[in-house]
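The values are calculated or read from the model by the stated rules, or taken from the named source; none is laboratory data. Small disclaimer: the values here were computed from a predicted structure and weren't measured. Cβ atoms come from the backbone with ideal geometry, glycine included; neighbour counts cover every protein chain shown.
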Amino acid sequence: MGLDIRMPIGLMFVIIGVLLVAYGFISDPAIYERSLGMNVNVIWGSVMLVFGIVMTVLGKIGAKNPPPASADAAPAGGRAAH
Amino acid sequence: MNLAAIDWLVMLVYFVFVLGIGFALKRYMKTSTDFFLAGRSIPAWIAGLAFISANLGAQEVIGMAASGAKYGISISHFYWIGAIPAMVFVGIFMMPFYYGSRARSVPEYLRLRFDEKTRGFNAISFAVMTVFSSGISMYAMARLIQILHIFDGVFAALSIPQEYIFHFSILVSALIVLGYIFLGGLTSAIYNEVLQFFLIVAGFVPLVYLGLKNLGGWEGMMQKLPESFGHSWVGMGSPATNPLGVEAFGLAMGLGFVLSFGYWCTDFLVVQRAMAADSMDAAQRTPLIAAVPKMFFPFLVIVPGLIAVALPDQKAPTGMVYEQTAGHEEPMGKGIIPPKMNAATGQPVVNEAGHIELDYDLAIPNLLLHYFPNGLLGLGLIALLASFMSGMAGNVTAFNTVFTYDIYQSYIKKDASDDHLLKVGRVATVGGIVLSLFAAFVATRFNNIMDMLQLVFAFVNAPLFATFLLGMFWKRATGHGAFSGLLAGTLAAALHHGLSLPAGAAVGFKGGWLGSIHTYPSEMAQSFWTAIFSWSACFLVTIIVSLVTKPPVEEQLRGLVYSMTEKPSYGHVAWYKRPQAFAIAVLGMTVVLNIVFW
């Protein structure tokens, strides 16, 4: 199918990651009392951001090197029954 | 609950992407195969994650945490013996027939292998079941949104009465799911399921991390819980010595064999994802890839339940959900699990034994409120909403396919063109969602109807795996045999349920309505044994009736029965790249997990 799923997933994680990190920097530190004093928005936002970038890069690489047509991509097994 | 602008923003991003995927895929939907089977073009890893995500519906996330809070880590049996072996089996042994026969749905396989009546029985019962399951998902999601007070502020600001929040939530979720399936069909559902898979993981990992850190790690948590909560097999010798009230045989046969194989190997909801794969190899790998995250899900969905009961009892609670109990002298809940409240009286619900009943379903929502600050809270909420929506969407895509191919094309318009079927599929999507909406509202009015329906579905489903097992591995099995076996199995399940009762339960939906001649130590034990009886009845009756009816023509069984099908050959692939090697690795890891949590 024409859309590589890694692109939207990557992009969404990047956007949410950036939002969380940015909010983590401007938010009142008092709200992190419940998360055991950790600024989880900055921490987890960065993790999501990195994951999003990796997904996007993988999607880009995949788009540059399209897999061979499905018949060649999966020779194993083939179509057992016809 | 105090949602900040950031939480709304995070949720908005999610909804934009969910619908955006539907729009982006719209132009690829040219034939009915594109719409119902994703053009059979999905790579294995995507099909695998969708396979697991479609199953990760509401009852999974909320229900498994609730059961974890009630029974402890032994609930992971529902994963380790109740899912993994069956997932391996369907991948290695059944996919060659499902995928190889080019059947477009599970009922259609039954038509090819047996006959029209067996297909009709399966198609109609399945279609009804999916509509009600998606309705129940919607209902549960709207209830949760209501309990968490997500929209209260918005509604108050717009001066709309609060009682419309429930209707609003149901409608919005229905419209979103409708939107992305209507536009992009199964591909859209699968892509969104993959997106939701990552979101659910992203939302729950920090929750488990914070909970465990707070309690002093795994050891610290276990010190605050009963000894049995940390073991899955210790005490399984007798129903009296384990929290589930089940003995090892009933567990292994009832859950591990009949129920689990019946679901994973025959339920079109999950099998459809593998049928959409781009090759036989990918179709075989789909359930195997799904098995890997599946075996670790107990840590994401059961452990939060354990954390919720291990936390100190809340006296002056923080989250909105507890407010109802604030002001009482003694904490009435356990950990951060609040008591069930009677909406009419505002008092906690007390059971027959005089104990306050706990609302275990709130384990995860309360934990989110307990640990997540604004920002992450928005992410936690979409993880929760994503789980509801993927469950709903899975049912709707399975419904529109079975309706179009197995009901419409088979009984209503046999010579329909492909273009016409594509249109019918879109209409069926709308129809399926409207029926689910209806089911969701029925559920609000008549709670008992839902209990009854779920019971009937359990009776219809229990024997299915016997039919498939005989159909795929015994070429002598006939259509008459299969159909009478299914009826006998359903009847046996109903009879067994009607004649037995779990200890301490009242006659009615719990059983005993034909006069109770056997008492089970727990409801779980009863349901496992109902499944065992039903399966055995179907198995025996199918064999007996098959032997006295005319054998099927062998030539017509090519590709449908094990002995008449060329096996997928992997001779030229390195051994470690074959699905069988993957399967053995998956089973090995499962054994290790069982030993670690013995």
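Details
- The set of residues in the range A:1-18 being crowded, with 21+ Cβ neighbours inside 10 Å and of a type in the set (Gly, Ala, Ser) consists of A:Gly10, A:Gly17.
- Residue check, B:Ala83 surrounded by 24 or more Cβ atoms within 10 Å (Cβ to Cβ), touching an Asp or Glu at 6+ places or on another chain (Cβ under 7 Å) and either more than 10 Å from every other protein chain (Cβ to nearest Cβ) or of a type in the set (Phe, Trp, Tyr) (or both): no
- Qualifying residue in the range B:267-274 (condition: over 21 Å from B:Gly57 (Cα atoms), touching a residue at least 40 places away in the same chain (Cβ under 8 Å) and touching a Gly at 6+ places or on another chain (Cβ under 7 Å)): no
- Qualifying residue in the range B:389-411 (condition: away from every other protein chain (no Cβ under 14 Å), of a type in the set (Gly, Ala, Ser) and surrounded by fewer than 24 Cβ atoms within 10 Å (Cβ to Cβ)): yes
- Residue match in the range B:366-380 (condition: under 30 Å from B:Leu12 (Cβ atoms), modelled with pLDDT of 80 or more and among the aromatic types (Phe, Trp, Tyr)): yes
- Hey, B:Ser105 touching a residue at least 24 places away in the same chain (Cβ under 8 Å), farther than 18 Å from B:Asp267 by Cβ and polar (S, T, N, Q) or not: no
- Failed item in (1) polar (S, T, N, Q); (2) without any contact (Cβ under 8 Å) to a residue 24 or more places away in the chain; (3) touching a helix residue (DSSP H, G or I) at 6+ places or on another chain (Cβ under 7 Å); (4) not in a helix (DSSP H, G or I), with B:Ser232 passing the rest: (2)
- Helices (runs of 4 or more DSSP H) lying entirely in the range B:86-193 (those with 2 or more residues that are at pLDDT 85 or above and within 14 Å of chain A (Cβ to nearest Cβ)): B:95-100, B:106-113
- Considering residues of the range B:20-33 that are loosely packed, with under 15 Cβ neighbours inside 10 Å and part of a loop (DSSP other than H, G, I, E, B) only, the residue nearest to the other protein chains (Cβ to nearest Cβ): B:Arg27
- Cβ pairs under 9 Å, 6+ apart, first in the range A:34-48 and aromatic (Phe, Trp, Tyr), second surrounded by fewer than 17 Cβ atoms within 10 Å (Cβ to Cβ) and modelled with pLDDT of 90 or more: A:Trp44/B:Val205
- Candidates are the residues of the range B:69-85 that are among the small types (Gly, Ala, Ser) and at pLDDT below 85; the one that is nearest to B:Pro287 (Cα to Cα) is B:Gly82.
Table: residues versus (1) surrounded by 18 or more Cβ atoms within 10 Å (Cβ to Cβ); (2) under 30 Å from B:Val88 (Cα atoms); (3) away from chain A (no Cβ under 14 Å).
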position	(1), (2), (3)
B:Trp529	yes, yes, yes
B:Thr542	yes, yes, yes
B:Lys550	no, no, yes
B:Leu587	no, yes, yes
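- Those residues of the range B:1-19 which are at the interface with chain A (Cβ under 8 Å from one of its Cβ atoms) and out of contact with any Pro (no Cβ under 7 Å at 6 or more places or on another chain), in sequence order: B:Ile6, B:Leu9, B:Val10, B:Val13, B:Tyr14
- Residue in the range B:408-425 that is nearest to B:Asp115 (Cα to Cα), counting only those that are in a helix (DSSP H, G or I) and touching a helix residue (DSSP H, G or I) at 6+ places or on another chain (Cβ under 6 Å): B:Tyr408
- Residues of the range B:143-167 satisfying the condition of being surrounded by fewer than 17 Cβ atoms within 10 Å (Cβ to Cβ) and under 21 Å from B:Leu435 (Cβ atoms): B:His167
- Test: residue in the range B:287-310 that is touching a strand residue (DSSP E or B) at 6+ places or on another chain (Cβ under 8 Å) and either away from every other protein chain (no Cβ under 14 Å) or closer than 23 Å to B:Thr467 by Cα (or both): yes
- Criterion (in a helix (DSSP H, G or I), more than 14 Å from chain A (Cβ to nearest Cβ), within 17 Å of the chain's Cα centre (by Cα) and buried (at least 18 other Cβ atoms within 10 Å of the Cβ)) met by exactly one of B:Leu251, B:Leu269: B:Leu269
- Top-ranked residue in the range A:11-26 [being of a type outside the set (Phe, Trp, Tyr) and more than 7 Å from chain B (Cβ to nearest Cβ); ranked as farthest from the chain's Cα centre (by Cα)]: A:Ile26
- Scanning the range A:19-52 for residues that are exposed (fewer than 15 other Cβ atoms within 10 Å of the Cβ), part of a helix (DSSP H, G or I) and not aromatic (Phe, Trp, Tyr) turns up A:Ile26, A:Pro29, A:Ala30, A:Glu33, A:Val50.
- The sole residue among B:Leu225, B:Leu259, B:Leu288, B:Leu244 that is outside any helix (DSSP H, G or I), of a type in the set (A, V, I, L, M, F, W, C), surrounded by 24 or more Cβ atoms within 10 Å (Cβ to Cβ) and touching a residue at least 40 places away in the same chain (Cβ under 8 Å) is B:Leu244.
- Among residues of the range B:385-418, those that are free of Cβ contacts under 8 Å to residues at least 24 places away in the same chain and over 29 Å from the mean Cα position of the chain (by Cα), counted: 6
- Condition broken by B:Val541, with the remaining ones in (1) out of contact with any Gly (no Cβ under 6 Å at 6 or more places or on another chain); (2) in contact (Cβ under 8 Å) with a residue 40 or more places away in the chain; (3) among the hydrophobic types (A, V, I, L, M, F, W, C) satisfied: (1)
- If you go through the range A:31-57 and pick out every residue that is facing chain B (nearest Cβ under 9 Å) and farther than 25 Å from B:Phe197 by Cα, you end up with 6.
- Out of B:Ser546, B:Ser563, B:Ser536, one residue alone is assigned to a helix (DSSP H, G or I), loosely packed, with under 12 Cβ neighbours inside 10 Å, out of contact with any strand residue (DSSP E or B) (no Cβ under 6 Å at 6 or more places or on another chain) and more than 12 Å from chain A (Cβ to nearest Cβ). It is B:Ser563.
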